[in-house]
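First the structure, in the form of C-alpha coordinates, and then the observations on it.
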Ligand code: IPM
Ligand code: MG
(Lines give C-alpha, C1' and ligand atoms only; values in the text may rest on other atoms or scores of the structure.)
(Ligands and ions follow the chains in the order given, each with its own letter.)
Protein backbone atom coordinates (compact mmCIF):
# COMPACT_ATOMS: atom_id res chain seq x y z
CA UNK A 1 0.00 0.00 0.00
CA UNK A 2 1.42 3.33 -0.92
CA UNK A 3 2.11 5.88 1.79
CA UNK A 4 0.09 9.05 2.22
CA UNK A 5 1.33 12.61 2.48
CA UNK A 6 -0.94 15.43 3.57
CA UNK A 7 0.10 18.77 2.12
CA UNK A 8 -0.87 21.95 3.98
CA UNK A 9 0.25 25.06 2.05
CA UNK A 10 -1.08 27.56 4.63
CA UNK A 11 -0.60 31.31 4.26
CA UNK A 12 1.69 33.99 2.89
CA UNK A 13 4.54 32.46 0.93
CA UNK A 14 3.34 28.98 2.05
CA UNK A 15 1.46 28.12 -1.17
CA UNK A 16 4.34 29.35 -3.39
CA UNK A 17 7.05 27.36 -1.67
CA UNK A 18 4.92 24.25 -1.27
CA UNK A 19 4.15 24.34 -5.01
CA UNK A 20 7.88 23.96 -5.70
CA UNK A 21 8.16 21.01 -3.30
CA UNK A 22 5.21 19.38 -5.09
CA UNK A 23 7.05 19.74 -8.41
CA UNK A 24 9.96 17.90 -6.85
CA UNK A 25 7.67 15.21 -5.45
CA UNK A 26 5.95 14.78 -8.83
CA UNK A 27 9.33 14.36 -10.50
CA UNK A 28 10.30 11.62 -8.05
CA UNK A 29 7.01 9.88 -8.77
CA UNK A 30 7.27 10.19 -12.53
CA UNK A 31 10.96 9.51 -13.02
CA UNK A 32 12.01 7.37 -10.09
CA UNK A 33 8.85 5.41 -9.32
CA UNK A 34 8.19 6.86 -5.88
CA UNK A 35 4.80 5.56 -4.81
CA UNK A 36 2.93 8.00 -2.67
CA UNK A 37 -0.56 9.43 -2.39
CA UNK A 38 -0.88 13.16 -1.90
CA UNK A 39 -3.80 15.02 -0.41
CA UNK A 40 -4.16 18.72 0.32
CA UNK A 41 -6.04 20.50 3.09
CA UNK A 42 -6.47 23.86 4.77
CA UNK A 43 -4.68 25.19 7.83
CA UNK A 44 -4.00 28.59 9.38
CA UNK A 45 -5.45 31.80 7.98
CA UNK A 46 -6.59 30.07 4.80
CA UNK A 47 -8.62 27.68 6.95
CA UNK A 48 -10.01 30.55 9.05
CA UNK A 49 -11.22 32.28 5.90
CA UNK A 50 -12.88 29.14 4.56
CA UNK A 51 -14.22 27.55 7.75
CA UNK A 52 -13.76 29.91 10.70
CA UNK A 53 -11.22 27.60 12.35
CA UNK A 54 -7.40 27.56 11.94
CA UNK A 55 -7.47 23.77 12.24
CA UNK A 56 -10.69 22.30 10.82
CA UNK A 57 -11.65 18.84 12.11
CA UNK A 58 -11.24 17.49 8.62
CA UNK A 59 -7.63 18.67 8.40
CA UNK A 60 -6.71 17.08 11.73
CA UNK A 61 -8.45 13.84 10.71
CA UNK A 62 -6.55 13.75 7.39
CA UNK A 63 -3.29 14.49 9.23
CA UNK A 64 -3.98 11.58 11.59
CA UNK A 65 -4.53 9.24 8.65
CA UNK A 66 -1.47 10.38 6.73
CA UNK A 67 2.02 8.95 7.18
CA UNK A 68 3.50 12.43 7.02
CA UNK A 69 2.47 16.06 6.73
CA UNK A 70 4.26 18.69 4.64
CA UNK A 71 3.43 22.21 5.78
CA UNK A 72 4.29 25.59 4.24
CA UNK A 73 3.73 28.36 6.77
CA UNK A 74 0.87 29.98 8.66
CA UNK A 75 -0.08 33.46 9.78
CA UNK A 76 -0.15 37.02 8.53
CA UNK A 77 -1.32 40.53 9.37
CA UNK A 78 -4.82 39.80 8.06
CA UNK A 79 -5.50 37.54 11.06
CA UNK A 80 -3.28 39.23 13.68
CA UNK A 81 -6.19 41.01 15.35
CA UNK A 82 -8.21 37.87 15.99
CA UNK A 83 -8.37 36.44 19.48
CA UNK A 84 -5.17 34.49 20.18
CA UNK A 85 -7.19 31.27 20.61
CA UNK A 86 -8.29 31.31 16.96
CA UNK A 87 -5.25 32.78 15.21
CA UNK A 88 -3.54 30.90 12.37
CA UNK A 89 -0.66 29.88 14.67
CA UNK A 90 -3.16 27.84 16.71
CA UNK A 91 -3.59 25.62 13.66
CA UNK A 92 0.08 24.75 13.69
CA UNK A 93 0.20 24.28 17.47
CA UNK A 94 -2.96 22.16 17.29
CA UNK A 95 -1.35 19.88 14.71
CA UNK A 96 1.81 19.52 16.79
CA UNK A 97 -0.11 18.61 19.94
CA UNK A 98 -2.92 16.70 18.18
CA UNK A 99 -0.40 14.43 16.48
CA UNK A 100 1.83 14.35 19.61
CA UNK A 101 4.87 15.49 17.67
CA UNK A 102 7.02 16.25 20.69
CA UNK A 103 10.45 16.20 19.05
CA UNK A 104 11.39 18.97 16.66
CA UNK A 105 14.64 18.49 14.78
CA UNK A 106 16.10 21.67 13.33
CA UNK A 107 19.41 21.13 11.59
CA UNK A 108 21.55 24.21 10.97
CA UNK A 109 23.83 23.21 8.17
CA UNK A 110 25.97 25.63 6.24
CA UNK A 111 26.29 24.85 2.55
CA UNK A 112 29.85 25.73 1.54
CA UNK A 113 28.42 27.53 -1.50
CA UNK A 114 26.60 29.95 0.83
CA UNK A 115 29.44 30.90 3.13
CA UNK A 116 29.33 34.44 1.73
CA UNK A 117 25.61 34.73 2.44
CA UNK A 118 26.10 34.50 6.19
CA UNK A 119 26.43 37.75 8.10
CA UNK A 120 29.17 36.10 10.18
CA UNK A 121 32.80 35.77 9.14
CA UNK A 122 33.48 32.74 6.91
CA UNK A 123 35.92 31.15 9.37
CA UNK A 124 33.30 31.30 12.15
CA UNK A 125 30.63 29.46 10.14
CA UNK A 126 32.30 27.39 7.44
CA UNK A 127 31.70 23.71 8.02
CA UNK A 128 28.90 24.44 10.48
CA UNK A 129 26.65 21.45 11.20
CA UNK A 130 24.48 21.73 14.31
CA UNK A 131 21.30 19.84 15.20
CA UNK A 132 18.85 21.61 17.46
CA UNK A 133 16.38 19.29 19.18
CA UNK A 134 13.46 21.38 20.40
CA UNK A 135 10.74 20.06 22.72
CA UNK A 136 7.54 20.84 20.83
CA UNK A 137 4.37 19.93 22.70
CA UNK A 138 5.01 21.21 26.22
CA UNK A 139 6.51 24.08 28.15
CA UNK A 140 5.20 27.62 28.16
CA UNK A 141 3.57 27.21 24.73
CA UNK A 142 0.97 24.85 26.15
CA UNK A 143 1.12 25.34 29.94
CA UNK A 144 -2.05 26.16 31.88
CA UNK A 145 -3.22 28.46 33.34
CA UNK A 146 -2.75 31.11 30.70
CA UNK A 147 -4.58 34.21 29.68
CA UNK A 148 -5.10 37.91 30.25
CA UNK A 149 -7.08 38.86 33.34
CA UNK A 150 -8.30 42.08 34.89
CA UNK A 151 -6.96 42.89 38.30
CA UNK A 152 -8.81 44.79 40.99
CA UNK A 153 -8.52 48.41 39.99
CA UNK A 154 -8.86 47.56 36.31
CA UNK A 155 -5.24 46.96 35.29
CA UNK A 156 -4.77 43.95 33.01
CA UNK A 157 -2.27 41.17 33.61
CA UNK A 158 -1.04 38.61 31.10
CA UNK A 159 0.17 35.23 32.34
CA UNK A 160 1.55 31.96 31.02
CA UNK A 161 2.84 28.84 32.72
CA UNK A 162 6.14 27.13 32.11
CA UNK A 163 5.61 23.52 33.10
CA UNK A 164 7.48 20.30 32.34
CA UNK A 165 6.91 16.79 33.63
CA UNK A 166 9.75 14.35 34.09
CA UNK A 167 8.31 12.05 31.41
CA UNK A 168 8.19 14.90 28.88
CA UNK A 169 11.81 15.82 29.57
CA UNK A 170 12.92 12.21 29.51
CA UNK A 171 11.48 11.43 26.08
CA UNK A 172 12.94 14.50 24.40
CA UNK A 173 16.29 13.86 26.11
CA UNK A 174 16.34 10.32 24.70
CA UNK A 175 15.69 11.59 21.17
CA UNK A 176 18.57 14.05 21.55
CA UNK A 177 20.97 11.49 23.03
CA UNK A 178 20.14 9.00 20.26
CA UNK A 179 20.86 11.64 17.62
CA UNK A 180 24.08 12.75 19.33
CA UNK A 181 25.24 9.13 19.53
CA UNK A 182 24.96 8.89 15.73
CA UNK A 183 26.80 12.19 15.19
CA UNK A 184 29.88 13.51 17.00
CA UNK A 185 28.64 12.32 20.39
CA UNK A 186 28.32 15.74 22.03
CA UNK A 187 25.05 16.96 23.51
CA UNK A 188 24.54 20.38 25.09
CA UNK A 189 21.33 20.82 27.08
CA UNK A 190 20.15 24.42 27.26
CA UNK A 191 18.12 25.70 30.21
CA UNK A 192 17.73 28.56 32.65
CA UNK A 193 18.21 26.40 35.73
CA UNK A 194 19.61 29.32 37.73
CA UNK A 195 16.22 31.05 37.65
CA UNK A 196 13.41 28.72 36.54
CA UNK A 197 12.47 25.63 38.58
CA UNK A 198 10.93 23.92 35.55
CA UNK A 199 14.32 23.96 33.88
CA UNK A 200 16.13 23.04 37.10
CA UNK A 201 14.13 19.82 36.80
CA UNK A 202 14.98 19.74 33.10
CA UNK A 203 18.69 19.71 33.94
CA UNK A 204 18.23 17.03 36.60
CA UNK A 205 16.30 14.70 34.26
CA UNK A 206 18.61 15.20 31.27
CA UNK A 207 21.58 14.40 33.53
CA UNK A 208 19.83 11.24 34.74
CA UNK A 209 19.03 10.04 31.21
CA UNK A 210 22.61 10.82 30.24
CA UNK A 211 23.88 8.09 32.56
CA UNK A 212 22.48 5.58 30.04
CA UNK A 213 24.51 7.07 27.19
CA UNK A 214 28.14 6.46 28.04
CA UNK A 215 29.23 7.34 24.50
CA UNK A 216 27.71 10.83 24.57
CA UNK A 217 29.42 13.71 26.31
CA UNK A 218 26.76 15.85 28.01
CA UNK A 219 27.14 19.50 28.89
CA UNK A 220 24.69 22.13 30.18
CA UNK A 221 24.43 25.78 29.28
CA UNK A 222 22.17 28.64 30.31
CA UNK A 223 20.11 29.94 27.42
CA UNK A 224 21.55 33.46 27.49
CA UNK A 225 25.06 32.08 27.22
CA UNK A 226 23.95 29.63 24.50
CA UNK A 227 22.61 32.52 22.42
CA UNK A 228 25.94 34.27 22.77
CA UNK A 229 28.00 31.15 22.06
CA UNK A 230 25.94 30.45 18.92
CA UNK A 231 27.13 33.66 17.34
CA UNK A 232 30.57 33.67 18.97
CA UNK A 233 31.79 30.16 18.25
CA UNK A 234 28.94 28.08 16.81
CA UNK A 235 31.14 25.16 15.78
CA UNK A 236 31.62 24.19 19.43
CA UNK A 237 28.13 22.61 19.22
CA UNK A 238 27.12 19.24 17.84
CA UNK A 239 23.58 18.64 19.18
CA UNK A 240 21.58 21.06 21.33
CA UNK A 241 18.47 20.00 23.25
CA UNK A 242 16.15 22.54 24.79
CA UNK A 243 12.63 23.59 25.75
CA UNK A 244 9.90 24.66 23.37
CA UNK A 245 10.40 28.41 23.68
CA UNK A 246 14.20 28.43 23.97
CA UNK A 247 14.32 26.15 20.92
CA UNK A 248 12.09 28.51 18.97
CA UNK A 249 14.44 31.41 19.65
CA UNK A 250 17.78 29.63 19.32
CA UNK A 251 16.80 27.93 16.06
CA UNK A 252 16.13 31.29 14.39
CA UNK A 253 19.51 32.44 15.64
CA UNK A 254 21.23 29.30 14.35
CA UNK A 255 19.44 29.68 11.02
CA UNK A 256 21.08 33.03 10.37
CA UNK A 257 24.51 31.44 10.83
CA UNK A 258 23.79 29.47 7.70
CA UNK A 259 23.11 32.54 5.60
CA UNK A 260 19.36 32.46 5.41
CA UNK A 261 16.42 31.12 7.33
CA UNK A 262 15.11 30.28 3.86
CA UNK A 263 17.42 27.26 3.71
CA UNK A 264 16.45 25.39 6.87
CA UNK A 265 14.02 22.48 7.00
CA UNK A 266 12.61 20.84 10.11
CA UNK A 267 11.05 17.60 11.20
CA UNK A 268 8.54 17.19 14.02
CA UNK A 269 8.32 13.62 15.19
CA UNK A 270 6.25 11.58 17.64
CA UNK A 271 6.70 8.10 19.06
CA UNK A 272 5.82 6.32 15.81
CA UNK A 273 7.23 7.11 12.40
CA UNK A 274 4.75 9.84 11.68
CA UNK A 275 6.03 13.34 11.28
CA UNK A 276 5.26 16.84 10.15
CA UNK A 277 7.82 18.63 8.03
CA UNK A 278 8.08 22.34 7.50
CA UNK A 279 10.59 25.07 6.80
CA UNK A 280 11.54 26.79 10.03
CA UNK A 281 10.75 30.23 8.61
CA UNK A 282 7.33 31.84 8.76
CA UNK A 283 4.81 33.00 6.17
CA UNK A 284 6.80 36.15 5.27
CA UNK A 285 3.73 38.24 4.33
CA UNK A 286 6.02 41.08 3.22
CA UNK A 287 7.20 39.10 0.20
CA UNK A 288 4.16 36.86 -0.38
CA UNK A 289 2.95 36.78 -3.97
CA UNK A 290 6.12 38.32 -5.37
CA UNK A 291 7.69 35.06 -6.52
CA UNK A 292 10.92 35.76 -4.67
CA UNK A 293 10.63 33.43 -1.65
CA UNK A 294 13.23 30.73 -1.23
CA UNK A 295 11.56 27.30 -1.59
CA UNK A 296 14.69 25.33 -0.70
CA UNK A 297 13.83 24.94 3.01
CA UNK A 298 10.51 23.39 1.98
CA UNK A 299 12.14 21.18 -0.65
CA UNK A 300 14.66 20.06 1.98
CA UNK A 301 11.77 19.45 4.39
CA UNK A 302 10.35 17.07 1.79
CA UNK A 303 13.71 15.33 1.78
CA UNK A 304 13.53 14.91 5.57
CA UNK A 305 9.97 13.61 5.18
CA UNK A 306 11.08 10.93 2.73
CA UNK A 307 13.98 9.95 4.95
CA UNK A 308 12.30 9.90 8.38
CA UNK A 309 8.64 9.05 7.75
CA UNK A 310 8.50 7.28 4.40
CA UNK A 311 11.63 5.15 4.67
CA UNK A 312 12.95 6.43 1.33
CA UNK A 313 16.55 7.51 2.04
CA UNK A 314 17.61 7.16 -1.60
CA UNK A 315 14.85 9.53 -2.77
CA UNK A 316 15.85 11.95 0.00
CA UNK A 317 19.48 11.79 -1.06
CA UNK A 318 18.46 12.64 -4.63
CA UNK A 319 16.76 15.81 -3.43
CA UNK A 320 19.76 16.78 -1.30
CA UNK A 321 22.10 16.28 -4.23
CA UNK A 322 19.86 18.23 -6.60
CA UNK A 323 19.74 21.18 -4.19
CA UNK A 324 23.50 21.01 -3.85
CA UNK A 325 23.82 21.05 -7.64
CA UNK A 326 21.59 24.10 -8.01
CA UNK A 327 23.71 25.97 -5.46
CA UNK A 328 26.86 24.83 -7.29
CA UNK A 329 25.36 26.29 -10.45
CA UNK A 330 25.18 29.65 -8.71
CA UNK A 331 21.40 30.07 -8.66
CA UNK A 332 20.17 32.10 -5.70
CA UNK A 333 16.89 33.57 -4.49
CA UNK A 334 17.35 37.13 -3.14
CA UNK A 335 17.78 36.01 0.49
CA UNK A 336 20.94 34.02 -0.35
CA UNK A 337 22.22 36.10 -3.23
CA UNK A 338 25.79 37.40 -3.12
CA UNK A 339 28.13 39.03 -5.63
CA UNK A 340 28.95 36.74 -8.56
CA UNK A 341 25.83 34.53 -8.31
CA UNK A 342 22.63 34.58 -10.35
CA UNK A 343 19.50 36.00 -8.77
CA UNK A 344 16.39 33.97 -9.60
CA UNK A 345 12.82 33.64 -8.34
CA UNK A 346 10.92 30.93 -6.47
CA UNK A 347 9.67 29.22 -9.59
CA UNK A 348 13.02 29.19 -11.40
CA UNK A 349 14.98 27.73 -8.53
CA UNK A 350 12.29 25.05 -8.10
CA UNK A 351 12.52 24.26 -11.82
CA UNK A 352 16.30 24.05 -11.54
CA UNK A 353 16.00 21.50 -8.72
CA UNK A 354 13.65 19.46 -10.93
CA UNK A 355 16.13 19.54 -13.82
CA UNK A 356 19.01 18.61 -11.50
CA UNK A 357 16.96 15.69 -10.16
CA UNK A 358 17.01 14.08 -13.59
CA UNK A 359 20.82 13.88 -13.49
CA UNK A 360 21.52 12.78 -9.91
C1 LIG B 1 8.29 28.09 14.57
C2 LIG B 1 7.33 29.25 14.56
C3 LIG B 1 6.10 28.86 15.35
C4 LIG B 1 6.54 28.61 16.77
C5 LIG B 1 4.94 29.88 15.31
C6 LIG B 1 4.51 30.20 13.90
C7 LIG B 1 3.76 29.42 16.13
O8 LIG B 1 7.94 30.39 15.02
O9 LIG B 1 7.90 26.99 14.13
O10 LIG B 1 9.43 28.27 15.00
O11 LIG B 1 6.64 29.55 17.58
O12 LIG B 1 6.77 27.44 17.10
MG1 MG C 1 10.05 30.19 15.34
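The values are calculated or read from the model by the stated rules, or taken from the named source; none is laboratory data. Remember, it's a predicted structure, so these values are computed and weren't measured experimentally. Ideal geometry is used to build each Cβ from the backbone, glycine not excepted, and the neighbour counts take in all protein chains shown.
Descriptive notes on the structure:
- Any hit, segment 288-298, residues being in a helix (DSSP H, G or I) and within 16 Å of ligand 1 (Cβ to nearest atom): yes
- For beta carbons closer than 8 Å, sequence separation of 6+ or different chains, a first residue in segment 82-98 that is part of a loop (DSSP other than H, G, I, E, B) and a second that is surrounded by fewer than 21 Cβ atoms within 10 Å (Cβ to Cβ), the qualifying pairs are 87/79; 87/80.
- Of all the criteria given as (1) in a helix (DSSP H, G or I); (2) surrounded by 17 or more Cβ atoms within 10 Å (Cβ to Cβ); (3) in contact (Cβ under 8 Å) with a residue 40 or more places away in the chain, the one not satisfied by residue 226 is (3).
- Criterion (within 15 Å of ligand 2 (Cβ to nearest atom) and farther than 30 Å from residue 210 by Cβ) met by exactly one of 267, 255, 284, 322: 284
- Checking each residue in segment 72-91 for being touching a helix residue (DSSP H, G or I) at 6+ places or on another chain (Cβ under 7 Å) and within 16 Å of ligand 2 (Cβ to nearest atom) picks out 72, 73, 74, 75, 76, 87, 88, 91.
- Scanning segment 33-48 for residues that are surrounded by 14 or more Cβ atoms within 10 Å (Cβ to Cβ) and either without any contact (Cβ under 8 Å) to a residue 24 or more places away in the chain or out of contact with any strand residue (DSSP E or B) (no Cβ under 9 Å at 6 or more places or on another chain) (or both) yields 34, 48.
- Meets criteria (loosely packed, with under 14 Cβ neighbours inside 10 Å, over 19 Å from residue 255 (Cα atoms), in the same structural domain as residue 202 (by TED's automatic domain parsing) and free of Cβ contacts under 8 Å to residues at least 60 places away in the same chain) for residue 149: yes
- Those residues of segment 55-75 which are away from ligand 1 (no atom under 11 Å from the Cβ) and assigned to a loop (DSSP other than H, G, I, E, B), in sequence order: 55, 56, 66, 67
- If only residues of segment 131-156 that are within 16 Å of ligand 2 (Cβ to nearest atom) and touching a strand residue (DSSP E or B) at 6+ places or on another chain (Cβ under 6 Å) are counted, the one that is nearest to residue 91 (Cα to Cα) is 136.
- The residue that is surrounded by the fewest Cβ atoms within 10 Å (Cβ to Cβ), among those in segment 241-266 that are within 29 Å of residue 20 (Cβ to Cβ) and away from ligand 1 (no atom under 12 Å from the Cβ), is 256.
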